[in-house]
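A short reminder: the numbers here are calculations on the coordinates, not readings from a lab. As the structure is a prediction and not an experimental result, all values here were calculated from the model. Here the Cβ positions follow ideal geometry from the backbone for every residue, glycine too, while neighbour counts run over all protein chains shown.
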Amino acid sequence: MLHKMKLNERPFEKIKNGTKTVEFRLYDEKRQQIRVGDQIEFSKLPELQEKLLVNVVELYREDTFEKLFKKLYNGEEEISKKVKEMYEIYLPEKEKKYGVIGIKISLISNSFRYTYNKLVRDKIPENIDSEPGRKSKYKILNDTEYLTELNKKVLEEANEFIEEDSIEELGDLMEVINTIMKLKGYKIEEVYNIMKAKTNKKGAFDKKIYLEYVDEEKRNVKEEKELNKDFRK
């Protein structure tokens, strides 16, 4: 079974360089699921892009961090220091409620893993895998997932166009829009006809008009609902 945990930079780097082989946690509901032979994927805070994969070699259970450290270490000063460090992370009340666990680990891989979880162009995995030292992992979406990710991609490409202000980014945005049109079975002529009809009725954006507000004598619930949509905030 694979478990996922977050780690601050310092302990993450110590696991990576082999100087940290036991991770200490509260024995809460999540940690109660861990068994010897399982794997843990640690993600480095704050970006969570760099990851480490380890095997669970052994588990040490105790009621308190002090008892646990006395089982694993000898020096009183070192034990006292480690207990103090844990109380900077976990409240004693939580320790009393759950107990604690030491997870002995062995590093499987210290390579960099960058997590994207997003729709990409068709040749991206092939291009990645053709480069020495790089290997991609991907899946094929069903149509429902595909449309959901395309909708996210519109926002991503729109923001990149705003940031870069380049014709290349505009082309990326139009590529995503064209893909959505194909998925939904829309013809470009139909889209242009709808655009023309709306232009005839409401105009285009050529005059650079910026609407500041509208005063009304009666409450307009429809207008309020439109103005309160998340993407307008």
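Could you work out the relative contact order of region 2-109? I mean the mean sequence separation of Cα pairs under 8 Å and 6+ apart, divided by the number of residues, in percent.
Relative contact order for region 2-109 comes out at 38 percent.
Using the Cα gyration tensor of region 143-205, with a ≥ b ≥ c the square roots of its eigenvalues, what is the shape: rounded (a/c below 1.5), prolate (a/b larger than b/c) or oblate (neither)?
Taking the square roots of the gyration eigenvalues as a ≥ b ≥ c, region 143-205 is oblate.
Could you tell me the calculated FRET efficiency between Y210 and M181, based on Cβ-Cβ distance and R0 = 35 angstrom, to the nearest 0.05?
With R0 = 35 Å, the Cβ-Cβ based efficiency is 0.75.
So for the chain, averaging the separation of alpha carbon pairs under 8 Å that are six or more residues apart and normalising by length, what relative contact order in percent results?
17 percent
N159 versus E77, label points 7 Å from Cα toward the beta carbon: distance in nm?
Placing both labels 7 Å along Cα→Cβ, they lie 5.0 nm apart.
Can you tell me the alpha carbon radius of gyration of the chain divided by the globular rule-of-thumb value 2.2 N^0.38 Å?
1.56
Let me know the shape class of region 1-118, please: from the alpha-carbon gyration tensor, a ≥ b ≥ c as square roots of the eigenvalues, rounded when a/c is under 1.5, otherwise prolate if a/b is greater than b/c, or oblate.
The shape class here is prolate.
What FRET efficiency do you get for K6 and E217 if R0 is 41 Å and r is their Cβ-Cβ distance, rounded to the nearest 0.05?
0.15
Can you give me the span-like helices of the chain, meaning DSSP H runs with 18 Å or more of Cα extent along the axis and Kyte-Doolittle mean at or above -1.0?
143-164, 167-184, 188-202
Would you work out the relative contact order for region 62-105, in percent, from Cα pairs under 8 angstrom that are 6 or more residues apart?
Across region 62-105, relative contact order equals 59 percent.
For region 107-233, evaluate the Debye formula with one uniform point scatterer on each Cα (no solvent term) and list log10 I(q)/I(0) at q = 0.13, 0.20 Å⁻¹, rounded to two decimals.
Here log10 of I(q) over I(0) equals -0.85, -1.43.
List the trypsin sites (Lys or Arg not before Pro) within region 135-228 that DSSP assigns to loop and that have no more than 16 neighbouring Cβ atoms inside 10 Å.
Answer in residue order: K135, K137, K139, K187, K207, K208, K218, R219.
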